[in-house]
1. Could you grab me the full set of residues in segment B:130-154 that are loosely packed, with under 14 Cβ neighbours inside 10 Å and in a loop (DSSP other than H, G, I, E, B)?
2. For segment B:85-122, how many residues are over 19 Å from A:Leu43 (Cβ atoms) and either among the β-branched types (Val, Ile, Thr) or crowded, with 20+ Cβ neighbours inside 10 Å (or both)?
3. Sort out which residues of segment A:10-41 are at pLDDT 80 or above and either exposed (fewer than 11 other Cβ atoms within 10 Å of the Cβ) or more than 10 Å from every other protein chain (Cβ to nearest Cβ) (or both), and write them in order of number.
4. So A:Leu86 passes all but one of these: (1) over 24 Å from the mean Cα position of the chain (by Cα); (2) under 26 Å from A:Lys107 (Cβ atoms). Which condition number does it fail?
5. Considering only segment B:97-143, how many residues are within 7 Å of chain A (Cβ to nearest Cβ), of a type in the set (A, V, I, L, M) and over 21 Å from B:Val48 (Cα atoms)?
6. Being in contact (Cβ under 8 Å) with a residue 40 or more places away in the chain and either surrounded by 18 or more Cβ atoms within 10 Å (Cβ to Cβ) or in contact with an Asp or Glu (Cβ under 7 Å, 6 or more places away or on another chain) (or both) is the filter here, so list the residues in segment B:58-83 that pass it.
7. Six or more apart or on different chains, Cβ under 9 Å: which pairs go from a residue in segment B:35-54 that's more than 8 Å from chain A (Cβ to nearest Cβ) to one that's at pLDDT below 80? Could you list them?
8. Identify, please: which residue in segment B:1-25 is in a helix (DSSP H, G or I) and loosely packed, with under 10 Cβ neighbours inside 10 Å and is, among those, modelled with the highest pLDDT?
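The values are calculated or read from the model by the stated rules, or taken from the named source; none is laboratory data. Everything numeric here is computed off the predicted structure, so don't read it as measured data. Every residue, glycine among them, receives a Cβ derived from its backbone with ideal geometry; neighbour counts consider all protein chains shown.
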Amino acid sequence: MAKRKKGMPELNGAGMSDISFLLLCFFLMTSSMDESMGINRILPQIPDENLPPPENKVKPHNVLSVLVDGQDRLSVNSRIVDIKDLKAVAKEFIANPANDPTKSSKKEVTEDIPNIPGIVKPVMATEAVISLQNARSTSFDVYLRVQNELTAAYSELRDEASKERFGRKFSELNEVQRDFIGKKIYAQRISESPPKDTRKRRN
Amino acid sequence: MAKFTGNKGKKIAGFSTASMGDIVFILLFFFMVTTTMRESDVKVTTNVPKATEVTKLERKDLTVYINIGTPIPSEQARYGTDTRICLGDAIKTVDDIGKFIAAYREGLDEKDQPYMTTALKVDKDTKMGVVSDVKEELRRSSALRIMYNALKAE
């Protein structure tokens with residue numbers, strides 16, 4: 001075997017860019033950049049038919065009934081409301097700063113209060129429930145805007161409460177603090193009933 | 001202008017393309033990291049509404065998509081222009097959702113199954129009747145975590 005005089009022959013790097021261009025094109029074609037964003041919701045469980053239906057313990061003054069009819073008109077507690085005002089109406093109802101007896105009441109939380117600075121007893125939690133009802137011919141656009149406004153009402157109230165207690169925004173809190181605000185004080189209770197004529201299960 | 005005419009006889013230095021490959025590789029890695037594989041060919045167009053209170057999807061790998069909208073032009077001969085439900089890459093009916101969800105759940109790790117999310121990509125002109133039917137069907141198949149896809153409004 002003849003000995004090489006030089007060490008290694010130089011590698012031609014010109015083709016490398018072509019190969020990686022091909023790869024790049026492949027990834028550009030097969031991938032999508034859209035980030036999935038949206039509004040999260042948890043659907044209620046189907047009630048067990050063998051069990052008796054739970055008693056309705058929610059008092060009528062704690063319920064804010066939001067109705068979007070088939071012509072996309074919005075009414076709150078049987079009063080026509082513009083969608084721009086929905087957030088303010090919902091906030092007013094949930095927080096009820098003036099303790100109006102026709103709006104949601106508050107209940108003292110007694111169990112599982114975390115021992116962290118910023119929490120002064122008694123802790124009052126809202127009992128408000130938002131009942132959302134729509135028709136089959138409501139458009140999804142309006143429905144989502146209503147959902148969005150309700151979410152905004154809750155998140156603004158949570159932000160206010162966490163600024164007051166912990167001096168930070170809700171999204172910057174730690175897990176204990178967030179659970180305290182989000183699950184105890186301003187628990188988001190949006191109850192939806194399907195439109196009256198939703199198809200029943202066919203057996 | 002002797003300053004410029006002085007080097008007329010010299011050759012222009014050849015420009016090296018050796019680093020081009022490196023640059024393209026960096027681009028390639030950028031796209032590999034920021035994008036996700038398109039999982040299926042969706043047969044309906046969904047123009048999702050805008051919302052301000054949107055949150056990012058936490059676990060993309062635990063998400064199953066249900067698209068609701070009008071069929072794409074090439075499918076309109078078969079399915080018309082009414083609102084249709086697209087599961088994976090085929091246009092299906094509400095009754096197929098249960099099977100579709102069950103099949104997806106089977107493929108997940110057992111400890112991840114409770115965190116499965118259904119992303120509803122719904123066109124904004126859709127009537128809520130279809131969406132309600134889909135939601136009822138999801139309740140029946142106990143896929144309770146859902147997300148309404150929306151664009152972030154500025």
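1. B:Ala153, B:Glu154
2. Residues meeting the conditions: 3.
3. The one that is at pLDDT 80 or above and either exposed (fewer than 11 other Cβ atoms within 10 Å of the Cβ) or more than 10 Å from every other protein chain (Cβ to nearest Cβ) (or both): A:Met29.
4. (1)
5. Number of matching residues: 0.
6. B:Leu62, B:Thr63, B:Val64, B:Tyr65, B:Ile66, B:Asn67, B:Ile68, B:Gly69, B:Thr70, B:Thr83
7. Note: pairs meeting the criteria are B:Glu39/A:Ser32; B:Lys50/B:Glu154.
8. B:Phe4
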